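Beneath this line is the structure, given in structure tokens, with notes to follow.
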Amino acid sequence: MAHKKLAFDDVNKGNKTPFAKMTAKTLKFVFKTAWEERKSVFLLYTLKLFAGALGEIKLLLLPKLLIDEIEAITLKADVSLHLHNAIVYVALTLAAEFLSNVLMNVADSSLNYCSQYFERILNYKLCSKSMEMDFQHTEDPTVLNQQEKARNGISWYSGGIIGMLGVFFQVLYNIALMLTSVTIFAFYCPLLLPVQILGMGFVTYFNFRKQKISYESFLKLGKINRVFGYYLFEVASQRFGKDTRLYDGSGLMSKRAEQYGHESVEMFKERATKCCKFDYRSNLSNAFRDGFSYLYLGYRTLKGFLTLGDFTMCISATSRLFQSLLGIGRGIQDLSEKCSYAYQFLMYLDYPDAISKGDKPVKEGDHEIVFENVSFKYPRSENYVLKDINITIKSGEHLSIVGLNGAGKTTFIKLLCRLYDVTEGRILIDGIDIKEYSTKEYRKLLAVVFQDFQLFAFSLKDNVAMGNADADLSEEKVKDALELSGLYEDAVKLDAGLETRLFKSFDENGTELSGGQRQKVAISRALYRDAPIVILDEPTAALDPLAEYEIYKKFDTLVGGKSAIYISHRLSSCKFCDHIAVFSDKTIKEYGTHDELVNKENGIYAEMFAAQAQYYVDAVS
């Protein structure tokens, strides 16, 4: 729990975790993931280190040896001996070049594959967290912004697992190169060492300032990128196609996308402007370092302290030392920066639960539901949506909930489903607070059809069977559920029957169901679950009056002896329920049977019933 508390504190404090702590935690995750998923990646980096070492031998040592042999020949030494040595050194140079390139290409090709592999692993972790986290978080802008930072942070900002491992091993390579260069300087030109270190110190400091600016910019970009992506990509998807075209919304969407795109560009421009002055200072520092190095080595060569081969090696070592020192400094900074971006991914994975989790099992048999002084307001809101709700729903009772839009009916259902926890009061199932139950086991009690239900681009059969995804698919149960909802006759007429894929996202032969048919699929899915408590939130809103009436006539068959909670604006449905709860002014204003409430003088239900009478009198008579 302490680990999760850290992530929660990071969010609330604006991501003030020190870079060192973020780097350590992220690297631990990176190495653990790489070791568990694909150990061969470490062998590939070892191969890269060896290939790099061959390349450095070709650059540092072999040119010195070759030039010394050529110089000896020009000084009339034993030509045959030195020519033979020169040819050997040329051959070794070519061999080192060839072998270094081959090993590097083999390693890089394999690492590119590993990069794609790890990307899928990380995407799976991100998607799993998004699907499994408490529903309350899916409606929280703070969490959604964190999700966007996590997605970007673990991908192109950090380079993913391979990107961070690559920088880490590059730092190790530069450390080895630095030690090699220092050894050369210790023998040939020790005075250059402090100059190189001083130059590297300045450049490292300037890069640190740039890193801080970049990270602050990244944190600000999370919300902008999410909104920009929504307008540019999400709204462009086919599910918004009809509304976008009929209301000529493309111009508005493009304008909004351009607006947020402009904000993003301005933020990048601001970052570049701030970083630019540190680039100038780094270049000035490098110019001073190079100038001093050439003057000093040239002087020692002219004085005879160094041979031409020594001069060449020291010049290369000068460049390599600075590059290695700079590589170490930049590598550590780059690694820290990449890890700070990827840390957003870890924060998202460790995002704390929004609701408490119990562990009690749910007993078999009848279940009584009690709302006891329940009040609720949504997170980040000071206004109550529900206030002082008290109601008891007996086992097997059919309750209809009615009220105007915004009266809190759907929120009542969300609380019963534990998508949110109550703000005040408590909800009891069989005398036990639902917070004490195991969330997974508790939700097996419920079969729910929300008014904004979703179907998936799976087969019709799979969409229905998702009602009980933990159990083996039963085609007989799928058929029964479709028959009860009235969709089976339409389903068997489809080209592939129950195997027909919904929508055309992945199959050009997929089917586009009508609104009423989609609603029947959702009802079938709830029936397939065969849970003891059935919740139907506007289940017939998309059905025509005749289909709606058929559903009502089969209501008892659909629900059977189960407890049922039925939300509808069409009061004809209430005739089939045992009791009716009328929501108004954030609470239950009226409660009783249809006959009791319809005859209540100046009653809310009576007025609503009278207003709708012309639409259902014939149907319910």
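The values are calculated or read from the model by the stated rules, or taken from the named source; none is laboratory data. From a predicted model like this one, the values you see are computed outputs, not experimental measurements. Cβ sites come from the backbone with ideal geometry, for glycine too, and all protein chains shown count toward neighbours.
Given the conditions (1) under 10 Å from the mean Cα position of the chain (by Cα); (2) modelled with pLDDT of 90 or more, and given that Glu148 satisfies all but one, which numbered condition is not satisfied?
If we test Glu148 against (1) under 10 Å from the mean Cα position of the chain (by Cα); (2) modelled with pLDDT of 90 or more, just (2) comes out false.
Any idea which of (1) within 37 Å of the chain's Cα centre (by Cα); (2) touching a residue at least 60 places away in the same chain (Cβ under 8 Å) is the one Glu382 doesn't satisfy?
In the conditions (1) within 37 Å of the chain's Cα centre (by Cα); (2) touching a residue at least 60 places away in the same chain (Cβ under 8 Å), Glu382 misses (2) alone.
If I filter region 168-189 for residues that are within 18 Å of the chain's Cα centre (by Cα), surrounded by fewer than 21 Cβ atoms within 10 Å (Cβ to Cβ), part of a helix (DSSP H, G or I) and at pLDDT 85 or above, do I get at least one hit?
No, there is no match, as no residue in region 168-189 is within 18 Å of the chain's Cα centre (by Cα), surrounded by fewer than 21 Cβ atoms within 10 Å (Cβ to Cβ), part of a helix (DSSP H, G or I) and at pLDDT 85 or above.
Kindly evaluate Glu69 against the criterion of being in contact with a helix residue (DSSP H, G or I) (Cβ under 8 Å, 6 or more places away or on another chain), outside any loop (DSSP other than H, G, I, E, B) and surrounded by fewer than 20 Cβ atoms within 10 Å (Cβ to Cβ).
So Glu69 fails the test.
Quick check on my filter: what residues within region 427-444 are more than 33 Å from the chain's Cα centre (by Cα) and of a type outside the set (Asp, Glu)?
Correct list: Leu428, Ile429, Gly431, Ile432.
Six or more apart or on different chains, Cβ under 9 Å: which pairs go from a residue in region 579-590 that's within 12 Å of Tyr605 (Cα to Cα) and not assigned by TED's automatic domain parsing to the domain that holds Val370 to one that's in a strand (DSSP E or B) and hydroxyl-bearing (Ser, Thr, Tyr)? Could you list them?
Filtered contacts from region 579-590: no entries.
What strands (runs of 3 or more DSSP E), lying completely within region 393-453, carry at least 1 residues that are surrounded by fewer than 16 Cβ atoms within 10 Å (Cβ to Cβ)?
424-429
Any idea which residue in region 56-96 is nearest to Ile315 (Cα to Cα), counting only those that are touching a residue at least 60 places away in the same chain (Cβ under 8 Å) and over 58 Å from the mean Cα position of the chain (by Cα)?
Ranking the candidates gives Asp68 first.
Identify all residues within region 259-278 that are of a type in the set (Asp, Glu) and loosely packed, with under 13 Cβ neighbours inside 10 Å; write none if there are none.
Glu266
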